[in-house]
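No lab work stands behind these numbers, since they all come straight from the coordinates. What you see is a predicted model; the values in this text were computed from it and never measured. Note: ideal-geometry Cβ built from the backbone for every residue, glycine included; neighbour counts use all protein chains shown.
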Amino acid sequence: MKKQQIAFVCNIDPGGITTVISHLAASQSIKKEFELSLFVFKKSSYHSKVQQLKKQMAVDNQGTTTLIKNVFRLTSFLRSYQGAAVVFLGPLQILIARIIKIMFHKKYQIISWLQVSAADPGIGNKIRALKWADQHLAISTGIKDELMHLGIAERKIQLVYNAVPRRERTIRPNPKQCTLVYIGRIFLDGQKNLRGLLTALEKVPGNWELQIFGDGPDFMDLQQFIAQSSVLGKRVKLAGWVADPFGELQSANALLLNSNYEGFGLVLAEAMSYGIPCLSTDCPVGPNDIIKDNINGYLYPISDYQQFQQKLATIVNGKKRFVPAEVKASIAFLYDDQYDRRFIQALRRMLSNS
């Protein structure tokens, strides 16, 4: 039987969206069921990744950096597309797809697959464009709730989460000094709120160190902020951006995330796949899908630094010892094999409703 064609429309830059697309391109089980292709909306300069993807699926990266030209190019693509579905990882292109579908009587399903929360300032009112999609993939229960708040029927939403590979390697806790880790973009305030994290961490007693992996617009400000504190200056190490931060870790007692909002919080699942427990804000959206209190980490309310300090202190002083094997097992539903089955079932249900 001929496989149904599904096209994905997004930009390819270093980050979460590219990680998601890379997983699909590498998944033999998903490609056994569907014929996948990728339409890169804005021409990507991430050449190594584009070349890798081209070896795994059909990729159209013929765009420019000019918005209006890319809109015309997408319009042309949608007019000629004969596949079963088009999946959009951004909201605004959905409006274009809806107009083309109506004008030219196209049969494809328009599917949204948003990777960020409505709480992200970059989305704002653009999230309303999702109402023009026929079906929706949700990467967290929080995003599913946000979609339903827009008035989208629950039957049109498929909760798939995000995928993380199973890891044979286990990164074990440091028995001599509590090693804490942050991995992500460097924002002192805003989404990642490293200022709040470090200010609270400074008051946590005990023998600990923090390793920070990542780069971002506030990197130099972060260096200055750390240097102004006698405690942080001695205990915080800045590694900058590295391709494989988990590969750099010899040991880790916990990963910290003090975000004001996320789309899923994939770094939490990545850490747990190595057996590392996590301490995270219960922010919108994603961490409460991943963290199970006392099993693989702790959640604390945004800005509740007293609770953050209390929970972290139990890790630093050794009163709470997480079992790496249990941490790994706690996210079994996110591992590639279970994710792929869930994703395939979601697409089948969507296409059967067309």
Expected output is a single nm value to one decimal: the length gained when fully extending between Ala227 and Glu168, i.e. 0.36 nm times separation in residues minus the C-alpha distance. What is it? 17.5 nm
Listed residues Asp304, Asp13, Asp336; largest mean-square fluctuation, Gaussian network over the chain with Cα springs below 10 Å, found at Asp304
Seen from all sides and averaged, what is the projected area of the convex hull of the Cα atoms in region 1-102, in nm²? 6.6 nm²
If the limit is 25 Å between Cα atoms, which of Lys192/Lys319; Lys2/Lys144; Lys49/Lys156; Lys176/Lys311 go over it? Lys192/Lys319; Lys2/Lys144; Lys49/Lys156
What share of all Cα pairs of the chain, in percent, falls into each consecutive 20 Å distance bin? 29, 54, 17, 0
Two decimals is fine: what's Rg over Rh for region 176-331, C-alpha atoms, Kirkwood radius as Rh? 0.92
Given axes a ≥ b ≥ c from the Cα gyration tensor, I'd like to know whether region 138-251 is rounded (a/c under 1.5), prolate (a/b larger than b/c) or oblate. prolate
Residues Thr179, Thr281, Thr75, Thr314 arranged by fewest to most Cβ contacts within 10 Å: Thr314, Thr75, Thr179, Thr281
What helix-only [θ] at 222 nm does the chain give? Using -39500 (n - 2.57) per DSSP H run of at least 4, over all residues, to the nearest 500, the answer is -10500 deg cm²/dmol
For region 302-354: span of alpha carbons on each principal axis (Å, largest first): 54, 29, 9
Using the alpha-carbon centroid of each, what span in Å lies between region 336-354 and region 40-88? 23 Å
As an exercise, take the mean of 1/r over every pair of distinct alpha carbons in region 261-318, invert it, and state the Kirkwood radius in angstroms. 11.5 Å
Span from the region 297-329 Cα centroid across to the region 168-221 one, whole angstrom: 14 Å
Go ahead and set up a Gaussian network model of the chain, Cα springs under 10 Å, then flag whichever of Ser330, Ser37, Ser230 fluctuates most. Ser230
Hey, fewest Cβ within 10 Å first, where do Leu268, Leu150 land in order? Leu150, Leu268
How high is the relative contact order of the chain, given as a whole-number percent (alpha carbon pairs under 8 Å, six or more residues apart)? 15 percent
Springs between alpha-carbon pairs under 10 angstrom, Gaussian network model over the chain: which of Ala243, Ala313, Ala325 fluctuates most? Ala243
Calculate the all-directions average of the projected area of region 247-347's alpha-carbon convex hull, and give it in nm². 7.0 nm²
